[in-house]
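Enquirer: Quick one: this structure, given as structure tokens, is what I'll be asking you about.
The values are calculated or read from the model by the stated rules, or taken from the named source; none is laboratory data. Every value quoted in this text rests on a predicted model; they were computed, and no experiment measured them. With ideal geometry, Cβ positions are generated from the backbone for all residues, glycine too; neighbour counts draw on all protein chains shown.
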Amino acid sequence: MKQYKIFDGHIDTLTALYDSEHRQVRSFIDSSAVGHVDIPRARKGGMAGGFFAICTPPPQSSQYKDPFFGLDLTANGYTVKYPPPLESEYSENFVNCVIDFAFKLESQSANQFKLVQNYLELMRCIEDEILAGIIHIEGAEPIKTDLSNLPVYYEKGVRSIGLVWSRPNEFGFGVPYRYPSTPDIGSGLTRAGLKLVDACNELKIIIDLAHINDKGFWDVVARSKQPIVVSHTAVHTLCPASRNITDRQIDAIGDSGGVIGIWFEPTHIQYQSGGGGKPISDVTAGQIAKHIEYIAERIGIDHVAIGSDFDGADMPSEISDVSCYPWLMGKLADIGYSTSELGKIAMGNWLRIIRTIWGE
């Protein structure tokens, strides 16, 4: 089928490539069998660009460094122990180092990869077939509560911030991983969190509500002047995990003119029927397409896009890395979406949101 240009709402490649010893753990410039994203595989899959997330990991000494720490499989599903907050200074140092690392990758790429800071730069990259990256901070822990370093991060190229990851911080409460569960767990935004929303609006930094709990979500809806963005999630009605968004949230995103990126992580796409709610380790591109179709039918084709979570989660075998986007686009074409509609899902809806928030 036709290879569509893809703009991905959320990939964790920068975080995956970087570690605390400041060394590259796999190649980004050359094709690799490790991880999900590098430049050659991105070209093969038709990737034009994406939001490149920097998410601060737990310290090396923390029990939470083990991704399975605190996991409790129950008769009906699972719960994961809620991680404690990170120290702001630790997170700030990590994010600063990864941003420096990102610009080093840009310089090493021989004009194959560029970190963009405005809409015109982004469109030039797409036209010239240069992989475009937007720096996204996933979890606002590196931001000081007085917001004094937020303009500094803007100058460094940060154009998108997720207020929380799935843990608490000084600004709000990330939703813990649970199934079955609604996202209505914990309190709303703190006073500092409300001020951060205002400051991001003023600087035209995109606010991402992936990982936020229900009360925090509605605090942002009431406070922000931007369209509501959720970079990587799935439909709660189809898979009732705490990280997925409810119909009411979906409707609010549509009303705001916002966008929802559907991720590929299997355990949030479908669970075994009759299996006691146990997660499955693989799903098909067609099952992912059902989440896209659900949102398109509920609030319109203009409000759904791709937010894979490549390099941040396990991937299904049919979409095992960035080269496999055509599998998903093929399934969407089979459903009956037109060329114009497929273009919106693949890239157009993200470009519209970026242009709306950033301006020309």
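Enquirer: Would you confirm whether any residue within segment 331-340 is among the hydrophobic types (A, V, I, L, M, F, W, C), within 27 Å of Cys125 (Cβ to Cβ), part of a helix (DSSP H, G or I) and touching a residue at least 40 places away in the same chain (Cβ under 8 Å)?
Expert: Among the residues of segment 331-340, at least one is among the hydrophobic types (A, V, I, L, M, F, W, C), within 27 Å of Cys125 (Cβ to Cβ), part of a helix (DSSP H, G or I) and touching a residue at least 40 places away in the same chain (Cβ under 8 Å), which makes the answer yes.
Enquirer: Another one. Of all residues in segment 28-38, how many are hydrophobic (A, V, I, L, M, F, W, C) and within 19 Å of Gly9 (Cβ to Cβ)?
Expert: Residues that pass the stated criteria total 1.
Enquirer: Considering segment 36-55 alone, what residues qualify as being over 14 Å from Gln112 (Cα atoms) and part of a helix (DSSP H, G or I)?
Expert: Of everything in segment 36-55, just one residue is over 14 Å from Gln112 (Cα atoms) and part of a helix (DSSP H, G or I), namely Gly45.
Enquirer: Could you count how many residues in segment 196-217 are assigned to a helix (DSSP H, G or I) and closer than 16 Å to Pro142 by Cβ?
Expert: Number satisfying all stated conditions: 4.
Enquirer: Which one is surrounded by the most Cβ atoms within 10 Å (Cβ to Cβ), of the residues in segment 1-29 that are modelled with pLDDT of 95 or more and of a type in the set (D, E, K, R)?
Expert: So the residue we want is Asp8.
Yes/no per residue for (1) modelled with pLDDT of 95 or more; (2) over 19 Å from the mean Cα position of the chain (by Cα); (3) surrounded by 15 or more Cβ atoms within 10 Å (Cβ to Cβ):
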position: Pro83; (1), (2), (3): yes, yes, yes
position: Glu87; (1), (2), (3): yes, yes, no
position: Ser107; (1), (2), (3): yes, yes, no
position: Leu115; (1), (2), (3): yes, no, yes
position: Arg124; (1), (2), (3): yes, yes, no
position: Leu131; (1), (2), (3): yes, no, yes
position: Ile135; (1), (2), (3): yes, no, yes
position: Glu141; (1), (2), (3): yes, no, yes
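Enquirer: Just to check your reading of the model, which residue among Val304, Val283 is hydrophobic (A, V, I, L, M, F, W, C) and without any contact (Cβ under 8 Å) to a residue 40 or more places away in the chain?
Expert: Val283
Enquirer: Taking the conditions exactly as written (among the small types (Gly, Ala, Ser), at pLDDT 95 or above and more than 15 Å from Leu332 (Cβ to Cβ)), does Gly312 satisfy them or not?
Expert: Spelling it out, Gly312 is indeed among the small types (Gly, Ala, Ser), at pLDDT 95 or above and more than 15 Å from Leu332 (Cβ to Cβ).
Enquirer: Oh, and also: Looking at (1) within 30 Å of Met47 (Cα to Cα); (2) in a loop (DSSP other than H, G, I, E, B), can you tell me which one Pro183 breaks?
Expert: All conditions are met except number (1).
Enquirer: Next question, about the same structure. Any chance you could count how many residues in segment 132-153 are closer than 19 Å to Asn118 by Cβ, out of contact with any Ser or Thr (no Cβ under 8 Å at 6 or more places or on another chain) and among the aliphatic types (A, V, I, L, M)?
Expert: Result for segment 132-153: 3.
Enquirer: Filter segment 174-193 for residues that are in contact with a Gly (Cβ under 6 Å, 6 or more places away or on another chain) and at pLDDT 95 or above; which is surrounded by the fewest Cβ atoms within 10 Å (Cβ to Cβ)?
Expert: As a first pass, look at segment 174-193 and keep what is in contact with a Gly (Cβ under 6 Å, 6 or more places away or on another chain): 179-180, 188-189, 193.
Now restrict to residues that are at pLDDT 95 or above: 188-189, 193.
On the way: Gly188: 18, Leu189: 25, Gly193: 23.
Among those that are in contact with a Gly (Cβ under 6 Å, 6 or more places away or on another chain) and at pLDDT 95 or above, it is Gly188.
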